[in-house]
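Heads up: the structure comes next, in structure tokens.
The values are calculated or read from the model by the stated rules, or taken from the named source; none is laboratory data. Every value quoted in this text rests on a predicted model; they were computed, and no experiment measured them. Quick reminder, even Gly has a Cβ in these numbers, built from the backbone with ideal geometry, and neighbours come from all protein chains shown. When the accessible area is computed, the model is the full protein with side chains, heavy atoms only, and any ligands, DNA or RNA have been set aside. Shrake-Rupley method; radii C 1.70, N 1.55, O 1.52, S 1.80 Å.
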Amino acid sequence: MIREEEVIYIGRITRYRGIIGEVELQFTNDAFDRGEAEYLVLNRDGILVPYFWEEYRFKNDSTVILKLMNIDTEAAAKRLVGAEVFYPAAAISEEDADTLPSLKALVGFEVSDQQNRSLGRITDVDDSSVNILLSLSSGHLIPFHDDFLLHHDLQKKVLQLNLPEGILDLI
């Protein structure tokens, strides 16, 4: 049985494509392209299930079209839509494990302030401009800059930020 601490979140199946069982994976972490595993792990009703892939191709910089083994029909692919997708942590080199692949990979991280008070979990990262904004589950929208970063742990998925005074009052 696969445990949650053995995998890292990389994205979500957002839609199915065509009649041969392809799906689109919206990813925040491209570990599947850098790692050594030939399978992904999907959350199926709270159970982490491995799925081997036959092939994948990039649609754009945040979406991959994926063909999984034994998913050969539109109906089978349709059942996977919405599933959270994970990658086996053991298949990533130690060097890559400590490197954030992109700012989108911050989705799911727990954020706290300089007093270690929880601010919420990151639900979205807007990096479409020079001013990077983090959307938090608490409803806050906060700027992100390296100068604000006090501590981070990629394995535990936590960020501690030293935010400018009053920034949380702007909501």
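Table for the structure above
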{"quantity": "Rounded to the nearest 20 debye, dipole of the chain from Cβ charges on Lys, Arg, Asp, Glu", "calculated": "700 debye"}
{"quantity": "Normalised contact order of region 4-98, rounded percent, pairs of Cα under 8 Å and 6 or more residues apart", "calculated": "41 percent"}
{"quantity": "Over the chain: helical MRE at 222 nm, DSSP H runs n ≥ 4 each giving -39500 (n - 2.57), nearest 500", "calculated": "-1000 deg cm²/dmol"}
{"quantity": "In region 66-168, the GluC sites (Glu not before Pro) that fall in loop regions by DSSP, at most 16 other Cβ within 10 Å", "calculated": "165"}
{"quantity": "Accessible area in square angstrom per residue, the chain, 1.4 angstrom probe", "calculated": "59 Å²"}
{"quantity": "Ranking by accessible area, most exposed first, for 136, 150 with a 1.4 Å probe", "calculated": "150, 136"}
{"quantity": "Within the accessible area of the chain (1.4 Å probe), percent carbon and sulfur", "calculated": "49 percent"}
{"quantity": "Area accessible to solvent at residue 129, 1.4 Å probe radius, in Å²", "calculated": "60 Å²"}
{"quantity": "Tensor-based shape of region 122-165 (alpha-carbon gyration tensor, a/c under 1.5 rounded, otherwise prolate or oblate)", "calculated": "rounded"}
{"quantity": "Heavy-atom SASA rank of 72, 146 (probe 1.4 Å, accessible area, largest first)", "calculated": "146, 72"}
{"quantity": "Three-way shape call for the chain based on the alpha-carbon gyration tensor, with the a/c threshold at 1.5", "calculated": "prolate"}
